[in-house]
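As structure tokens, the structure follows; a few thoughts come after it.
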Amino acid sequence: CKVDKDVRRVAEFFNLPRMGVTGSRLIGLSGKDSDVDFVIYGRYWFDVGRKKIKKGLEKGLLWCDYEFVYKKRNVDLPFEVFKVHEERKFNKAILDDIRFDILYVRDKEKSKIPEEKGRKICKKTIVAEVVDDSLIFDYPACYIVRHSEIKAVLCFTHTFVGQAFKGEIIEARGVVEEINGERYLIVGTMREIKDEYIVSLTLLENTRLLDEFKAWKS
């Protein structure tokens, strides 16, 4: 905050005790168009941060440029499908032309996500119900699902964190890996994602975008 006025401006907006900065600004490689990548420690404070973004958007203090994010992340999904998911995440915004996002970092709690190297099985698309959304902003994001084969979907790309919530039906495509005798679907196995994704079919149906998604797949 002492050396970067953009960081200071956004930090003042949040006014949270458990924040840090990562990314290009942390290592002194930021340019004039660089985002401010904040980390928020602990799920409680991360949820407080998301609520502040939500209220800021509602009051007009913040805004989002979803087309910019869509092009930057080089997403293969249709724009409207991408946008409708982003609009309810509340993990990024723009304040006074300063682009920023927030990343969740576990505080002292241990990871519940398997970290061992898995054995690759195959590429697969699954449809499943999310039964636990407590880890969907973690790294990797973890969607625990009800499925006959897959225990959880693990996502290693920030593009698909917070993509679906408990009780929603998702469609996900990635690589199946076996870890400690359990099978997981891994999304984000490559930096440039072209045929891997997570979408909430429930959300798409509610927003009348399901047909557009199906057309894109065909």
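The values are calculated or read from the model by the stated rules, or taken from the named source; none is laboratory data. Computed from a predicted model, the values in this text were never measured in an experiment. Cβ sites come from the backbone with ideal geometry, for glycine too, and all protein chains shown count toward neighbours. Accessible surface is based on the protein model in full, side chains and every heavy atom, while ligands, DNA and RNA are left aside. Shrake-Rupley method; radii C 1.70, N 1.55, O 1.52, S 1.80 Å.
Checking Glu86 against (1) at pLDDT 95 or above; (2) under 23 Å from Ile198 (Cβ atoms); (3) among the acidic types (Asp, Glu); (4) open to solvent by 60 Å² or more (accessible area, probe 1.4 Å), which single condition isn't satisfied?
In the conditions (1) at pLDDT 95 or above; (2) under 23 Å from Ile198 (Cβ atoms); (3) among the acidic types (Asp, Glu); (4) open to solvent by 60 Å² or more (accessible area, probe 1.4 Å), Glu86 misses (4) alone.
Any idea how many residues of the range 1-22 are out of contact with any Lys or Arg (no Cβ under 9 Å at 6 or more places or on another chain), open to solvent by less than 30 Å² (accessible area, probe 1.4 Å), of a type outside the set (Val, Ile, Thr) and in a helix (DSSP H, G or I)?
1
Say we look at the range 113-129 and pick out the residues that are acidic (Asp, Glu) and loosely packed, with under 13 Cβ neighbours inside 10 Å; which of these is farthest from His158 (Cα to Cα)?
Glu116
In the range 93-112, what residues are part of a strand (DSSP E or B) and either in contact (Cβ under 8 Å) with a residue 60 or more places away in the chain or crowded, with 20+ Cβ neighbours inside 10 Å (or both)?
Selection gives Ala93, Leu95, Ile98, Arg99, Phe100, Asp101, Ile102, Leu103, Tyr104, Val105.
I need the full set of residues from the range 23-48 which are outside any loop (DSSP other than H, G, I, E, B) and either in contact with a Gly (Cβ under 6 Å, 6 or more places away or on another chain) or open to solvent by 90 Å² or more (accessible area, probe 1.4 Å) (or both), in order please.
Correct list: Asp37, Val39, Ile40, Tyr44.
Name every residue in the range 68-83 that is at pLDDT 95 or above and open to solvent by 30 Å² or more (accessible area, probe 1.4 Å), in order of residue number.
Passing the criteria: Phe79, Glu80, Lys83.
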